[in-house]
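Single-structure report; data block below.
The values are calculated or read from the model by the stated rules, or taken from the named source; none is laboratory data. The structure presented is a predicted model; accordingly, all values stated were derived computationally and were not measured. Counting neighbours? That spans all protein chains shown, and the Cβs are built from the backbone with ideal geometry, glycine included.
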Amino acid sequence: MVKKKSVKRRIKKPSKKDLTIHFMPYSAISHEDAIGRIKKIMGLILKNKIIILQGKLKPDEEVRLIENSMTLIGNIQGFQGIEIAGLNGENENRSLFEGVRRNIAKILIGEQDAITVIGPASVVKEMTKDPKKVELMLARK
Amino acid sequence: MIKIIRNFARRIFAGVFKKKGEIKLGFYGSPNAGKTSLANRICQDWLGEDLGSVSRMPHETREIQIKEKVILERDGKKIEFKLIDTPGVATRIDFEDFMKFGLKRKAAQERAKEATQGIIASIKWLDDMDAVIVLIDSTINPYSQVNITILGNLAARNIPVLVVANKIDLKKSDIKKVRGAFPEYDVVGISAKNGDNMEEFYEELFKLVKKV
């Protein structure tokens, strides 16, 4: 009986030379539904790219992204999941009028005054966040 | 959006027909935040038995653990809970991390696989909770995306939440930082391991139940 050889997808081993930062404007995902957005993001993550996304994902999309990456761990060799952090563009000192204006804009055109950083865990060792900054510590391999 | 509407309808339907007092209380948070320790503390206080095992190694809980008919009493009022302890939610799993705790390669790989399945199960169970306690380790940076994602999803599903800052017995604990990170939530500080401040926790838990 011939033993069936399991075929696993591999992702390229990251090296310093491979580090790519991909800036993604909100317009690149604004027309996509949740599945399309996740597909687009995961496609870049699997190419070992760090994504800086203008705007932020909805909570439901974030949770689906985590779910999706958990499914891939163990099935794609070298893939360890993702690191993700978001920064809101909110200003605590803004006036009531400004707040209402921003909320209306958020409903109409999405939350574009935020930044989300997403990277493959094999490249980004750690992502730390506080309200004003996101720091990435890259893995040395 | 459909999911949220469906969940809303399910909650209304369940609210009409569910047995009075039976509340599905979920424990969510990052690995090693102390979810099982708190669930055990509650079970010990009211049933005299544990719900699950705890360990320093992350992802000790890799399956949903349930304890039914946990009846809590306060000021003459009894409430029946179904405690649902969930595996810690993380965005990354590296089996080599488990090897640092002494596991052999194969065992570490198996644990990693189970941990990923546990995270998926935790996410799926979000829709089934009546109320949730989000555990945050008060000795580390609370601004983790996992905490934000969990809280964002619970808010989107309109599920009442109590944020619990755990490990207040440790020197590095900073409950002010947790409160600063989540100003829109009630935050109660406890030590699930030592049972510190459990009275305040139960008081907040009964307040939470009123929102269900």
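Of the residues that sit in the stretch B:137-153 and are within 20 Å of B:Phe201 (Cα to Cα) and in contact with a helix residue (DSSP H, G or I) (Cβ under 7 Å, 6 or more places away or on another chain), which one is farthest from the other protein chains (Cβ to nearest Cβ)?
The residue in question is B:Ser138.
Could you identify the single residue in A:Ser95, A:Ser30 that is away from chain B (no Cβ under 13 Å), out of contact with any helix residue (DSSP H, G or I) (no Cβ under 6 Å at 6 or more places or on another chain) and modelled with pLDDT of 90 or more?
So the residue among A:Ser95, A:Ser30 that is away from chain B (no Cβ under 13 Å), out of contact with any helix residue (DSSP H, G or I) (no Cβ under 6 Å at 6 or more places or on another chain) and modelled with pLDDT of 90 or more is A:Ser30.
Among the numbered criteria (1) more than 13 Å from chain B (Cβ to nearest Cβ); (2) at pLDDT 95 or above; (3) in a helix (DSSP H, G or I), which one does A:Ser69 miss?
Tallying (1) more than 13 Å from chain B (Cβ to nearest Cβ); (2) at pLDDT 95 or above; (3) in a helix (DSSP H, G or I), A:Ser69 fails exactly one: (1).
Which of the residues belonging to the stretch B:81-118 are assigned to a loop (DSSP other than H, G, I, E, B) and either within 12 Å of chain A (Cβ to nearest Cβ) or buried (at least 24 other Cβ atoms within 10 Å of the Cβ) (or both)?
Correct list: B:Thr86, B:Pro87, B:Gly88, B:Val89, B:Ala90, B:Thr91, B:Ile93, B:Asp94.
When you scan the stretch B:54-62, do you find a residue that is away from chain A (no Cβ under 14 Å), within 22 Å of B:Leu205 (Cα to Cα) and out of contact with any His (no Cβ under 7 Å at 6 or more places or on another chain), even just one? Let's see the steps before the verdict.
Step one: list which residues in the stretch B:54-62 are away from chain A (no Cβ under 14 Å), which gives B:54-57, B:60-61.
Filter once more, keeping what is within 22 Å of B:Leu205 (Cα to Cα): none.
No, the stretch B:54-62 contains no residue that is away from chain A (no Cβ under 14 Å), within 22 Å of B:Leu205 (Cα to Cα) and out of contact with any His (no Cβ under 7 Å at 6 or more places or on another chain).
Starting from residues that are assigned to a loop (DSSP other than H, G, I, E, B) and out of contact with any Lys or Arg (no Cβ under 9 Å at 6 or more places or on another chain), keep the ones in the stretch B:170-193 and report whichever is surrounded by the fewest Cβ atoms within 10 Å (Cβ to Cβ).
My answer is B:Lys171.
Can you tell me how many residues within the stretch A:41-63 are more than 14 Å from chain B (Cβ to nearest Cβ) and either within 25 Å of B:Asp127 (Cα to Cα) or of a type in the set (D, E, K, R) (or both)?
Number satisfying all stated conditions: 2.
With the condition kept exactly as written, say whether any residue in the stretch B:153-169 is on the phi > 0 side of the Ramachandran plot and crowded, with 17+ Cβ neighbours inside 10 Å. Break it down into steps so the answer makes sense when it comes.
Keep residues of the stretch B:153-169 that are on the phi > 0 side of the Ramachandran plot, which gives B:158, B:167.
Next, only the ones that are crowded, with 17+ Cβ neighbours inside 10 Å stay: B:167.
Yes, there is a match, as at least one residue in the stretch B:153-169 is on the phi > 0 side of the Ramachandran plot and crowded, with 17+ Cβ neighbours inside 10 Å.
Go through the stretch B:124-152 and count every residue that is part of a helix (DSSP H, G or I), surrounded by fewer than 24 Cβ atoms within 10 Å (Cβ to Cβ) and of a type in the set (A, V, I, L, M, F, W, C).
Total satisfying the criteria: 5.
Residues of the stretch A:75-88 being within 7 Å of chain B (Cβ to nearest Cβ) and either assigned to a strand (DSSP E or B) or surrounded by fewer than 19 Cβ atoms within 10 Å (Cβ to Cβ) (or both), which ones?
Hits for the stretch A:75-88 are A:Gly81, A:Ile82, A:Glu83, A:Ile84, A:Ala85, A:Gly86.
With the checklist (1) within 14 Å of chain A (Cβ to nearest Cβ); (2) buried (at least 17 other Cβ atoms within 10 Å of the Cβ); (3) under 28 Å from B:Ile159 (Cα atoms) in hand, flag the one item B:Ala121 doesn't pass.
Among (1) within 14 Å of chain A (Cβ to nearest Cβ); (2) buried (at least 17 other Cβ atoms within 10 Å of the Cβ); (3) under 28 Å from B:Ile159 (Cα atoms), the lone unmet condition for B:Ala121 is (2).
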